[in-house]
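The values are calculated or read from the model by the stated rules, or taken from the named source; none is laboratory data. None of the values given here were measured: they were computed from a predicted structure. FYI the Cβ positions are ideal-geometry reconstructions off the backbone, even for glycines, and counts take in every protein chain you see.
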Amino acid sequence: MAQSEYIVIKAAEDGVNVIGLTRGTDTKFHHSEKLDRGEVMIAQFTEHTSAMKIRGKAEIHTAYGLIESEGKK
Ligand code: TRP
C-alpha cells in the first residue's frame, strides 16, 4: 500500500494523547503516545493504522489544513 502523507501533531499542553486505531474489520486502539507541551509527533496512516484520535489541546497539521483540538476546560 502506498504510504500516505505525514501529519504533524504539536502538543499545546502536557499529556496530549495520540492514539492509533487499527485498519481492518474491527477498529481498535493499538498504540497510544503521550506528548507534553511543545513536543511534536510526525506520523503517517499505514497498513496498520487507519485512524488517529488526539486527546487534549494540540495543533494538528495536515494536508487539509491546520486543525486545533481543544482540551477539557
Ligand atoms: N506500527 C504502527 C503502524 O505502522 C505505527 C504508527 C504509524 C502509528 N502511524 C501511527 C501509531 C499513528 C500511532 C499513531 O501503523
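Is it fair to say Ala51 is surrounded by 13 or more Cβ atoms within 10 Å (Cβ to Cβ) and either touching a strand residue (DSSP E or B) at 6+ places or on another chain (Cβ under 6 Å) or β-branched (Val, Ile, Thr) (or both)?
Judged against the criteria, Ala51 is not a match.
State all residues of region 15-32 that are free of Cβ contacts under 8 Å to residues at least 24 places away in the same chain and of a type in the set (D, E, K, R); if no residue qualifies, say none.
Asp26, Lys28
Per-residue answers, yes or no, for (1) buried (at least 16 other Cβ atoms within 10 Å of the Cβ); (2) in contact with a Cys (Cβ under 8 Å, 6 or more places away or on another chain); (3) not in a strand (DSSP E or B):
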{"position": "Ser4", "(1), (2), (3)": "no, no, yes"}
{"position": "Ile7", "(1), (2), (3)": "yes, no, no"}
{"position": "Asp14", "(1), (2), (3)": "no, no, yes"}
{"position": "Val18", "(1), (2), (3)": "yes, no, no"}
{"position": "Leu21", "(1), (2), (3)": "yes, no, no"}
{"position": "Thr25", "(1), (2), (3)": "no, no, yes"}
{"position": "Ser32", "(1), (2), (3)": "no, no, no"}
{"position": "Arg37", "(1), (2), (3)": "no, no, yes"}
{"position": "Ile42", "(1), (2), (3)": "no, no, no"}
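Only one of Ile67, Ile42 is modelled with pLDDT of 95 or more and within 14 Å of the ligand (Cβ to nearest atom). Can you tell me which?
Every option except Ile42 fails the conditions.
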